[in-house]
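The values are calculated or read from the model by the stated rules, or taken from the named source; none is laboratory data. Here the structure is a predicted model, which means the values were calculated and not measured. All Cβ positions, even for glycine, are placed from backbone atoms using ideal geometry, and neighbour counts span all protein chains on display. Heavy atoms of the whole protein, side chains included, go into the accessibility calculation; ligands, DNA and RNA do not. Shrake-Rupley method; radii C 1.70, N 1.55, O 1.52, S 1.80 Å.
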Amino acid sequence: IGKTPAQFLENSEGFNLADLLSFGMAKAVSKCLKFRKRNPDSRANSTVLFYYLLSINPGLINFVFLRLLVNPKETKKTLKENLPGTDASPSLEQTLIDAAAIAKERKHSRIEVGDVLTVLAKDDPVFQRLLIEKNLRVEDIDNLTWWFESLIKRTEKSKKWLEYDNLIKRGTLAKEWT
């Protein structure tokens, strides 16, 4: 049984990150850790995580960035230029702890990409610079990630046609037969 973000926040010692992260987040964190091994001089921070999130999870990222009228490819180029990040960039560990708090608040069983994107909008200097240039706020990112997640939940719920709520929407079977 996997651990939840709430349990991670209570006791982070001896915790397996794979239990805590969604699949897309696990891929991004894995690439960050590989970046850290390749470049021992630099540290894996929130800017590096943001760069790998842009390349791994196209669904949510495209949804958010296209609604903000921001080109994700140009953002990725900007991040690549600033890739080691600045000293003001929070560490990867601190970003994941903050994302776990948001995941707990949103009642997620795992840290999702939307949770981390919200944390990056609050803490990452490169992302903040982008938001300021486009005259956007952190709440805009938070609202868009919530919107995307609610659309996914609604779609998944409607696919379960045998549930009571979906059967009621269809009405009775064979009412034209009488």
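Projected label points at Asn143 and Ser91, each 7 Å from Cα along the beta carbon direction, are separated by 3.5 nanometres. Using only side-chain charges placed at the Cβ, +1 for Lys and Arg and -1 for Asp and Glu, the dipole size of region 30-83 relative to its Cα centre rounds to 220 debye. What FRET efficiency comes out for Glu105 versus Phe23 if R0 is 25 angstrom and r is the Cβ-Cβ distance? Round to the nearest 0.05. Plugging the Cβ-Cβ distance into 1/(1 + (r/R0)^6) gives 0.70. Taking every protein chain into account, the 1.4 Å probe leaves Phe63 with about 20 Å² of accessible area, to the nearest ten.
Using 0.36 nm per residue and subtracting the Cα-Cα separation, the extra length available between Lys169 and Arg36 on full extension is 42.7 nm. In loop segments of region 114-165 as defined by DSSP, the trypsin sites (Lys or Arg not before Pro) with at most 14 further C-beta atoms inside 10 Å of their C-beta are Lys134, Arg137, Lys160.
Within the accessible area of region 18-112, the carbon and sulfur atoms contribute 52%, probe 1.4 Å, all protein chains present. The 1.4 Å probe gives accessible areas that order Ser109, Ser150, Ser46, Ser30, largest first, as Ser109, Ser30, Ser150, Ser46. In this structure, the amide hydrogen of Ile111, modeled 1.01 Å from its nitrogen in the peptide plane, lies closer than 5 angstrom to those of Leu21, Ser22, counting only residues at least 5 positions away or on a different chain.
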